1. For the stretch 196-291, rounded, prolate or oblate, judged on the Cα gyration tensor with a ≥ b ≥ c (square roots of eigenvalues), a/c < 1.5 rounded, else prolate if a/b > b/c?
2. Give the residue from Leu137, Ile222, Ile117 lying farthest towards the positive end of the charge dipole for the stretch 3-283; charges sit on Cβ (+1 for Lys and Arg, -1 for Asp and Glu) and the dipole is referred to the Cα centre.
3. Over all Cα pairs of the chain, how is the pair count split among 10 Å bins, expressed in % and running from 0 up to the last occupied bin?
4. Can you give the relative contact order of the stretch 290-416 as a percent, counting alpha carbon pairs under 8 Å and 6+ residues apart?
5. When the Kirkwood radius is taken over all Cα pairs of the stretch 3-283, what Stokes-Einstein diffusion coefficient follows at 20 °C and 1.002 mPa s, in µm²/s?
6. Given the peptides 181-189, 373-381, arrange them by the average over their residues of other C-beta atoms within 10 Å, most packed first.
7. Is there a quick way to get the dipole size of the chain? I mean about its Cα centre, with the Cβ of Lys and Arg at +1 and of Asp and Glu at -1; what is the value in debye to the nearest 20?
8. Return the calculated 222 nm mean residue ellipticity for the chain, to the nearest 500 deg cm²/dmol, obtained by summing -39500 (n - 2.57) across DSSP H runs with n ≥ 4 and dividing by the residue count.
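Every read-out reported here was derived from the displayed coordinates using simple, explicitly stated rules and does not represent laboratory data. All values reported here derive from a predicted model rather than from experimental measurement. Neighbour counts are summed over all protein chains in view; Cβ atoms, including those assigned to glycine, are modelled from backbone coordinates with ideal geometry.
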Amino acid sequence: MYKPTIGLEIHAELNTKSKMFCSCKNDPLEKRPNFNICPVCTAQPGTLPVVNKEAVRKVIKTGLALGSKIAKESKFDRKNYFYPDLPKGYQISQYDMPFCEGGFLEIEGKKVRIKRIHLEEDTGRLIHKDGESLVDLNRAGVPLMEMVTEPDIYSGSQARQFAQELQLILRYLGVSNADMEKGQMRVEVNISLSKTKKLGTKVEIKNLNSFRVVEKAVDYEIERQTEILEEGGKIVQETRGWHDKKQKTLSQREKEEAHDYRYLPEPDLPTFHIEKSFVDEIKREISELPSEKRERFRKEYGLENIEMFVSDKDLGCYFEQVMSELKEWVKTIEQKRKIAEEDLLKLTKLAYNYITTDLQGLLAGRSAKEIKVTPENFGEFIALIYGGKISSKTAKQVLAEMMAKGKDPSHIIEEGGLGQIEGEGEIESIVKEVIGKNKKAVEDYKGGKEESLQFLVGQVMAATKGRAKPDIARDTLKKLLK
């Protein structure tokens, strides 16, 4: 049985204001080609690079969050290769003295070790159109962080989960938007198969642009290499790419080794001496990370399925603000009865259900930042449902209007006459009308057909537009049909 061994190389564009070695705007998605460029990032003779300090901070911040050792000394190197999207004929990168070494990221209870995290500049972009290749250098020089893992991954699922969790961490840290569809995060896979502890021949799969593709490409390559080895063939060390239409990897070129790039120290940039005080300052900026948030949510709110609130930081923040409002509401009833803790648990589940279903449905894929309902109003809305002031059917109508107009629920209920019917006289009057209009159902019920009572309850609910409580409607019907 061949065992796959997988390591990842993940690039993330850092969201600094300017590029890595010049003052050009960091906006690789600029639609006007070659707009955010200058003599430095287009490699005009006589120009010199100047390091973007904020990019260095963001790489160190990422390393600290992942438990990496931060170098006391670091330097940049020239990675030499010739390609049309690389203006200088070399890329300023890091080779033997990266900013961060070591660390890990836990996936499925397993620690995937990190080998290094270094900083480099991005390349330009090639556009192939009408038989011509055009060069757009807006992206050239954008700060690019590269993370290299140890070969601790063994399946497509693990590779996907690692990339997803890293994306979350980068977003929580605020160092990168890490949007794979926009090319802000790119995954490359190194994979080999072997029956022994000795690693097999390594194949690289480059530029995987979605989590789905990461998993599919790994699983396909495991199957492809297994088939070759079982037939007595040999794996060729090469670089492959994913073909989405064919759902397979295709050979692109033979894989380069490090010596092929002829790394040499960047002569135009000095060695960095990183002070402990600088690292400590960055460390203080790191707030709660996704794994910590998962654990806290489970303990604080008694919720298990909270991934939506972890993956969508804004939605998680909104939920917490709503819960803060509900905790205050619970305090007001605590003096009246002794079950405040039980109330809060039920309110938590009610808020969770309405936020993850009804509210998400109304958002229709938009950001949680576009929620027009304030946490105060949403908390009041949940309290009204819990207190029996509106039915679940009416609640959907009220929430839709809250989202559309930003109004508070009490005003919407009052203006629309949507509150639950409280008076016994009013409900009795409506029940009598229903009884008078449905004589056959009344006779059937009196004749022993229990299902007829449910029909009559439905008629009462329809007559009250859902404002009657079903149990009160049922009790009133039974009382009047004796």
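1. Prolate, because a/c is 1.5 or more and a/b exceeds b/c.
2. So the residue we want is Ile117.
3. Calculated P(r), rounded to whole percents: 4, 15, 20, 19, 14, 11, 9, 6, 2, 0, 0.
4. 23 percent
5. Taking Rh from Cα pairs, D becomes 109 µm²/s.
6. Put in order of decreasing packing, that is 373-381, 181-189.
7. The calculation lands at about 660 debye.
8. Details: 16 runs with 196 residues, N = 482.
Theoretical 222 nm ellipticity from helices: -12500 deg cm²/dmol.
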